[in-house]
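The values are calculated or read from the model by the stated rules, or taken from the named source; none is laboratory data. Everything numeric in this text was worked out from a predicted model, so none of it was measured. Note: ideal-geometry Cβ built from the backbone for every residue, glycine included; neighbour counts use all protein chains shown.
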Amino acid sequence: MPLLILALGIALLLILMIAFKVNGFISLIIVSLVVGIAQGMPLLDDKEAEITGLLNVIKGGVGGQTGKLVLLLGFGAMLGVFMADMGAANRLATTLINKFGVKHSQLAIIIVAFLVGVVLFWETAWVILIPIVFAVCRSYKIPVMWLAMPLAIALSTMHSFLPPHPGPSAVAGIYNASIGLALLWGLIISLPIGTAVALIWPRLGFVKKITANPPAGLASDKEWTDEEMPGFWMSLFITAMPVLLIGGHAILEVTLGKNNAVTKVFSFIGHDWFALLLSLMFAVLYFTLVRKVPMDTIMASCSKSVKSIAMIVFIIGGGGAFAAVLRQGGISDYIVEITQSVNLSPIILAWAIAAIMRVALGSASVAVVTAAGIAAPLIAAGTVSPEIMVLATACGSVMASHVNDPGFWMFKEFLGLSLSDTLKVRTSYTTVLSCLGLIGCLIMGAIVPA
């Protein structure tokens, strides 16, 4: 019966989002109510029996989940958009392409996408960097797909696999995993996979046959002068600063131990949201004091950035509510009992649930938080690292981007591709990334202790 209730709840979620086009946050709250009622949970608190009612379970689930992430996502978005508005992404791209030359321009684009993709959402980074790709391709008469594919693939790898992006960060919160370790293991898995796929895909026969026809005026026409952009090394340092702080803390924790004095210092400055705040503060000071950018301009950029993550935060909160209802109603315990009798890796189960939800819904955010809510009990057995489970769930959310994914249409329209060609190139590369990511997680899961 518990699994039937869960299945009906997921079916209702799919119907609400696909058939009736209901917003993901509203859909998750409705499903949480329905699943809670179906489990027989009381609507209101019973203080005498010390039972928390369904309404307060949902409220606590939303608050508990978003409370962990609002600082992380907020400061991450501010830093990413602010640096893009200041021309740092353009500086990184143009400098690396000039340095590597046309022959190795793909590698230059991949490096830029990895650097920028750590702090920028896929959509934002794509809009910023694709005009640079168009300009390089026009200047050197290179087919657009030759550079556009590595850009898209590298950005997809960063956005989907790694914190501090919303999906992996939300899953880390649900699994009580270390964001620093998830970032460290994620880089080890994602960088070789993303690089390999980004270099191989444009060379495949069916991709070579496709010609991009970018619509005139669709991409940003802003031309950055050398004087307007910050220097290369400062752009690189500020962009990489949160990764150095968060990743540095994780590395020290593994190598020196948690009780080492240096590790304790980095546990403060390398704490996920605080590292992003330090990076943002450094960037603000640099651009106000050195570049003489007005504070009003900087704060306008920061304010604009928060709007881009508002609905994502709500969806993550809805996922937290769904997970809380599953725990409180007993479905989570039932899942543990069932999976203990099934000889299947928790990593594969988490990945598969996220992949199915991603294909069905299109929204990676909804897919990961829903999958994490279902898979969270599997961690209690202590047979797998929570951080590897974060990455496995995140990898599942990359699976088979198609017509129900907004990123699919952005990729299609910016490159001027037909629907069939977009399905060939984007759906295929996201599927391969997801499957290779699963293999990487299984290998790391065998090495990293639970």
Looking only at region 52-60, decide whether some residue is of a type in the set (Gly, Ala, Ser), farther than 30 Å from Met241 by Cβ and touching a residue at least 24 places away in the same chain (Cβ under 8 Å).
yes
Checklist (1) without any contact (Cβ under 8 Å) to a residue 60 or more places away in the chain; (2) closer than 25 Å to Thr255 by Cα applied to Lys209, failing item
(2)
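Where residues in region 332-347 are surrounded by 16 or more Cβ atoms within 10 Å (Cβ to Cβ) and either part of a loop (DSSP other than H, G, I, E, B) or modelled with pLDDT of 90 or more (or both), which of them is nearest to the chain's Cα centre (by Cα)? Show your work before the answer.
Taking region 332-347 as the starting set, the residues that turn out to be surrounded by 16 or more Cβ atoms within 10 Å (Cβ to Cβ) are 332, 334-335, 339, 345-347.
Subsequent filtering for residues that are either part of a loop (DSSP other than H, G, I, E, B) or modelled with pLDDT of 90 or more (or both) retains 345, 347.
On the way: Ser345: 23, Ile347: 18 Å.
Across region 332-347, the extreme among qualifying residues is Ile347.
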Give me a count of the residues in region 380-389 that are farther than 15 Å from Leu344 by Cβ and out of contact with any Gly (no Cβ under 7 Å at 6 or more places or on another chain).
4
Please work out which one of (1) crowded, with 16+ Cβ neighbours inside 10 Å; (2) at pLDDT 90 or above; (3) not in a loop (DSSP other than H, G, I, E, B) is the condition Lys412 fails and give its number.
(2)
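Quick grid of which residues meet (1) part of a helix (DSSP H, G or I); (2) modelled with pLDDT of 90 or more; (3) closer than 22 Å to Thr239 by Cα:
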| residue | (1), (2), (3) |
| --- | --- |
| Glu253 | yes, no, no |
| Gly257 | no, no, no |
| Phe282 | yes, yes, yes |
| Tyr286 | yes, yes, yes |
| Ala300 | yes, yes, yes |
| Ser305 | yes, no, yes |
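With the condition kept exactly as written, say whether any residue in region 256-266 is surrounded by 15 or more Cβ atoms within 10 Å (Cβ to Cβ), within 30 Å of Leu69 (Cβ to Cβ) and out of contact with any Lys or Arg (no Cβ under 9 Å at 6 or more places or on another chain).
In the first step, residues of region 256-266 are kept if they are surrounded by 15 or more Cβ atoms within 10 Å (Cβ to Cβ); the result is 263, 266.
With the extra rule that they be within 30 Å of Leu69 (Cβ to Cβ), the set shrinks to 263, 266.
From what is left, the residues that are out of contact with any Lys or Arg (no Cβ under 9 Å at 6 or more places or on another chain) are 263, 266.
Yes, region 256-266 contains at least one residue that is surrounded by 15 or more Cβ atoms within 10 Å (Cβ to Cβ), within 30 Å of Leu69 (Cβ to Cβ) and out of contact with any Lys or Arg (no Cβ under 9 Å at 6 or more places or on another chain).
Would you kindly identify the helices (runs of 4 or more DSSP H) lying entirely within region 70-163 that contain at least 2 residues that are in contact with a Cys (Cβ under 7 Å, 6 or more places away or on another chain)? Lay out the reasoning, then the answer.
On the way: elements: 88-100, 105-117, 122-140, 144-161.
Result: 144-161.
Residues of region 184-208 being part of a helix (DSSP H, G or I), more than 17 Å from Val384 (Cα to Cα) and of a type in the set (A, V, I, L, M), which ones? So that I can check it myself, show each step before the final result.
Residues of region 184-208 part of a helix (DSSP H, G or I): 184-203, 205-208.
Then drop every residue that is not more than 17 Å from Val384 (Cα to Cα), which leaves 187-188, 190-203, 205-208.
Within region 184-208, Leu187, Ile188, Leu191, Ile193, Ala196, Val197, Ala198, Leu199, Ile200, Val207 meet the criteria.
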Somewhere in region 190-200, is a residue modelled with pLDDT of 95 or more and crowded, with 24+ Cβ neighbours inside 10 Å?
yes
Scan region 3-25 and report the pairs whose first residue is surrounded by 15 or more Cβ atoms within 10 Å (Cβ to Cβ) and whose second residue is assigned to a helix (DSSP H, G or I) and polar (S, T, N, Q), with Cβ atoms within less than 6 Å and a gap of 6+ or a chain change.
Leu13/Ser27; Leu16/Ser27; Met17/Ser27
Between residues in region 270-296 that are closer than 15 Å to Gly231 by Cβ and residues that are among the β-branched types (Val, Ile, Thr) and assigned to a helix (DSSP H, G or I), which pairs lie under 8 Å by C-beta distance while being six or more apart or on different chains?
Phe282/Ile238; Ala283/Ile238; Tyr286/Ile238; Phe287/Ile298
Select from region 24-59 the residues that are of a type in the set (S, T, N, Q) and at pLDDT 85 or above and write down the one among them that is nearest to Met357 (Cα to Cα).
Ser27
Residue match in region 123-146 (condition: closer than 14 Å to Gly407 by Cα, charged (D, E, K, R) and modelled with pLDDT under 80)
yes
Of the residues Val31, Val57, Val35, which single one is touching a Phe, Trp or Tyr at 6+ places or on another chain (Cβ under 7 Å), of a type in the set (Val, Ile, Thr) and assigned to a helix (DSSP H, G or I)?
Val31
With out of contact with any Asp or Glu (no Cβ under 8 Å at 6 or more places or on another chain) and buried (at least 21 other Cβ atoms within 10 Å of the Cβ) as the only criterion, which of Ala108, Ala38 stands out?
Ala108
Would you be able to say whether some residue in region 379-387 is in a helix (DSSP H, G or I), touching a Phe, Trp or Tyr at 6+ places or on another chain (Cβ under 8 Å), buried (at least 21 other Cβ atoms within 10 Å of the Cβ) and modelled with pLDDT under 90?
yes
